[in-house]
Amino acid sequence: MSLAPNSFVDRGFGGHAPWVDLVNSGLLDGFGNPTECLDDPVWVRTFLQHWKLRASFQELAAQKALRSLRSLLRRLVEKSSTQGSLTPEDVAQLNSWLKIPVFPHVVENQNGFELALQPAQIGWGADLAKVARSFAESLIKEPHGRLKICANTDCLWVFVDRTKGNVRRWCDDSTCGNRDRVRRSRARHR
């Protein structure tokens with residue numbers, strides 16, 4: 001299945017951070033049918049452009065590295081959402097993706113000035129570090145237990161719970177939440 005560039009956002013991508021899109025790129029349709037977005041050149045190109053990543057995905061090593069980072073981030077989200085914490089080994093694995101040379105520089109944005117870290121090189125190393133950094137920033141900024149996986153086992157979409165009471169169970173209440181309620185209702189009537 002090829003994804004049209006304008007449907008990238010319509011399908012739920014491009015909202016929170018690059019790491020969320022990467023983890024969700026091995027998606028299930030809500031009924032358990034898998035779609036591998038990393039096999040779709042249009043999806044990959046749109047992902048790279050949307051998050052302002054500059055490297056080319058044509059190299060086999062780049063594809064393997066992206067899949068490897070996705071696997072690590074999914075595992076870390078699963079651990080943090082179920083166990084609540086990561087082990088020192090988990091943190092070390094994440095840090096290994098962040099080890100690229102950078103130089104600080106001052107940038108101006110709508111809120112004034114801030115100190116930003118600019119990679120000293122361009123290419124896949126820098127782009128993968130940017131994705132890993134977005135995950136690290138979510139771990140730091142989001143209150144404990146906000147990184148979640150959809151309770152629909154036929155979906156498993158990763159999302160950040162921004163509800164006041166941290167009670168969200170599904171990626172989308174109107175789709176996965178409704179499917180879960182229908183399943184439970186049918187099970188009660190059997």
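The values are calculated or read from the model by the stated rules, or taken from the named source; none is laboratory data. Because the structure is predicted, anything quoted here is derived from the model rather than measured. Virtual Cβ from ideal backbone geometry, glycine too; neighbours counted across all protein chains shown.
Some notes on this structure:
- Region 92-105 - residue that is closer than 17 Å to TRP19 by Cβ and surrounded by 13 or more Cβ atoms within 10 Å (Cβ to Cβ) and, of those, modelled with the lowest pLDDT: ILE100
- Condition check for LYS52: part of a helix (DSSP H, G or I) and under 18 Å from the mean Cα position of the chain (by Cα): no
Matching residues to (1) at pLDDT below 85; (2) under 30 Å from ALA61 (Cβ atoms):
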{"site": "THR82", "(1), (2)": "yes, no"}
{"site": "PHE113", "(1), (2)": "no, no"}
{"site": "ALA126", "(1), (2)": "no, yes"}
{"site": "ASN152", "(1), (2)": "yes, no"}
{"site": "ARG184", "(1), (2)": "yes, no"}
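- Among the residues of region 31-49, those identified as part of a helix (DSSP H, G or I) and in contact (Cβ under 8 Å) with a residue 12 or more places away in the chain are CYS37, LEU38, PRO41, VAL42, TRP43, VAL44, ARG45, THR46, PHE47, LEU48.
- All positions within region 113-130 that are outside any loop (DSSP other than H, G, I, E, B) and among the aliphatic types (A, V, I, L, M): LEU115, ALA116, LEU117, ALA126, LEU128, ALA129
- One residue stands out in region 73-112 among those that are among the basic types (Lys, Arg) and not in a loop (DSSP other than H, G, I, E, B): the one that is farthest from the chain's Cα centre (by Cα), namely LYS79.
- If you go through region 131-150 and keep only what is in contact with a Phe, Trp or Tyr (Cβ under 8 Å, 6 or more places away or on another chain) and part of a loop (DSSP other than H, G, I, E, B), you end up with just CYS150.
- Among the residues listed as THR153, THR175, the single one being β-branched (Val, Ile, Thr) and either crowded, with 20+ Cβ neighbours inside 10 Å or part of a loop (DSSP other than H, G, I, E, B) (or both): THR153
- Residue satisfying condition, being modelled with pLDDT under 85 and hydroxyl-bearing (Ser, Thr, Tyr), within set SER138, SER174, SER134: SER174
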